[in-house]
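Shown next, in structure tokens, is the structure this report addresses.
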Amino acid sequence: MREPVVRLQRGRDRSTRRRHPWVFSGAVASVEGEPAPGATVVVAAHDGTVLGRAAYSPSSQIRLRLWTFDEATPVDDALLHARLDAALALRKRLVLTADTDCARLVFAEADGLPGLVADLYGDTLVVQCHSAGAERIQDVAIAHLRARTGAARVVLRSDAEVRKLEGLEPRSGVVFGPPIEGGLVRAREHGMQFLVDVERGHKTGFYLDQRDSRARVRAVARGRVLNCFSYTGGFAVAALSGGAEHALSVDTSLAALELAEKNVADNGIDPARHDGLRGDCFDVLRGLYDEGERFDLVVLDPPKFAPAARHVAKAARGYKDLALRALKLLHPGGLLFSFSCSGAIDRALFRQIAASAALEAQRPLTVLGELGHPPDHPVPTSFAEGEYLKGYWALAQ
Ligand code: SAH
């Protein structure tokens, strides 16, 4: 069947020619017929030159997500299989080892599969579709990933907010394999054990994107560690598996803190070396300072403060406030690990925020290294939006 043609406005083809995978609704001049949500369409410049093929999202601002950038390549099972195989090969080469059995196997646009995320935790595969196009290829993708990984279970977590923008209903649950006993699956990262709530946890249950930073924390932790926005205790387990004596995890979620306790115990760490504190980190940081508590290492890994560009100024104040309070809590010679997962805050701005916090705290701060995505969250040069996680680790004097 011939695919409908979507023609772009005059002069609005530049980003597609640069292989950016999104076309916004304002760039579309005409749509042939009424393609169904997720249908494959041919993308043409205003003069009719074919630029590629895309998934059509009639109700989203992101109207087109490009599958291919040439006229010749059809969007068929062979193309999807090839993309999935390339994505898998990268993870097998760079992430999955005897010590690590969890990874993001497919990272959507970054792997040429817009809207599709697939994470592996041991023998459980968790799949998320964020767009109509991804939803349409879901069954082909799941069948192929199952065949290639031998996963014993597949869980769908297509319940993210962004689906509303696509007019998609939430869909989640175990779609293949046995139910999850006790609601938790086991994952191994750099030899550490983590229990993951793949059905109800954040994202697909775990922050796989912090793998490299957890490894760094494990390598350098000493003394007392404060793990702010701890979720299920990933950084606490890392610090305690390294050289830390004690870690305090702070989060507003009791369920997350309970799982953090379990994760500590599961790694054979004396539970007395870890405490969980339920509270708002902004208040807790101030309270700890007033009580005279001091730490050797502080992790700040808050949720996204700037969901869009218009939130940047307010978000920047939040990040600065946190860094300022964390610096005051650090012993001289202590280490700060600070992160932002707001796509709208770039590295330069995040560094400026650190500089102004250091000035205000009167604590010189020396950056020791940049932190960010591990290689299973790759960032194409043509898709800068893919880089959402930024961080640094730094020495506070
Ligand atoms: N560092 C974690 C991921 C953090 S996700 C890891 O590596 O796994 C952000 C966490 O912050 C969530 O668990 C959320 O419950 C928590 N949170 C959000 N706002 C908070 C606040 N104001 N104070 C404390 N925790 C908060």
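Details
- Sub-6 Å Cβ pairs linking a first residue in the range 293-322 that is under 30 Å from Arg222 (Cβ atoms) and open to solvent by 10 Å² or more (accessible area, probe 1.4 Å) to a second residue that is more than 11 Å from the ligand (Cβ to nearest atom) and basic (Lys, Arg), at least 6 apart or interchain, are Asp296/Arg222; Asp296/Arg224, ordered by first then second residue.
- Scope the range 213-222; condition touching a Gly at 6+ places or on another chain (Cβ under 8 Å) and more than 10 Å from the ligand (Cβ to nearest atom); matching residues: Arg216, Arg218, Ala219, Val220, Ala221, Arg222
- Number of positions in the range 225-246 that are away from the ligand (no atom under 12 Å from the Cβ), open to solvent by less than 10 Å² (accessible area, probe 1.4 Å) and in contact with a His (Cβ under 9 Å, 6 or more places away or on another chain): 2
- Residue in the range 210-224 that is of a type in the set (Val, Ile, Thr), within 30 Å of Val41 (Cα to Cα) and surrounded by fewer than 23 Cβ atoms within 10 Å (Cβ to Cβ) present: no
- Under the condition of being part of a strand (DSSP E or B), open to solvent by less than 90 Å² (accessible area, probe 1.4 Å) and under 9 Å from Val250 (Cβ atoms), the residues counted in the range 275-291 number 2.
- Selection over the range 307-366 of residues that are assigned to a loop (DSSP other than H, G, I, E, B) and of a type outside the set (Val, Ile, Thr) gives a count of 10.
- Screening Glu161, Glu181 for residues that are within 16 Å of the ligand (Cβ to nearest atom) and without any contact (Cβ under 8 Å) to a residue 24 or more places away in the chain leaves exactly one candidate, Glu161.
Let's see how each residue does on (1) assigned to a strand (DSSP E or B); (2) in contact with a helix residue (DSSP H, G or I) (Cβ under 6 Å, 6 or more places away or on another chain); (3) within 25 Å of Cys341 (Cα to Cα); (4) free of Cβ contacts under 8 Å to residues at least 24 places away in the same chain:
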residue	(1), (2), (3), (4)
Glu169	no, no, no, yes
Val198	no, no, yes, no
Phe206	no, no, yes, no
Val217	no, yes, yes, no
Asn227	yes, yes, yes, no
Ala239	no, yes, yes, no
Leu259	no, no, yes, no
Asn263	no, yes, yes, no
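The values are calculated or read from the model by the stated rules, or taken from the named source; none is laboratory data. On a predicted model such as this, the values are computed, not experimentally measured, just so you know. Methodologically, a virtual Cβ is constructed for each residue, glycine included, from the backbone with ideal geometry; neighbour enumeration extends over all protein chains shown. Ligands, DNA and RNA are excluded from the accessible area calculation, which covers all protein heavy atoms including side chains. Shrake-Rupley method; radii C 1.70, N 1.55, O 1.52, S 1.80 Å.
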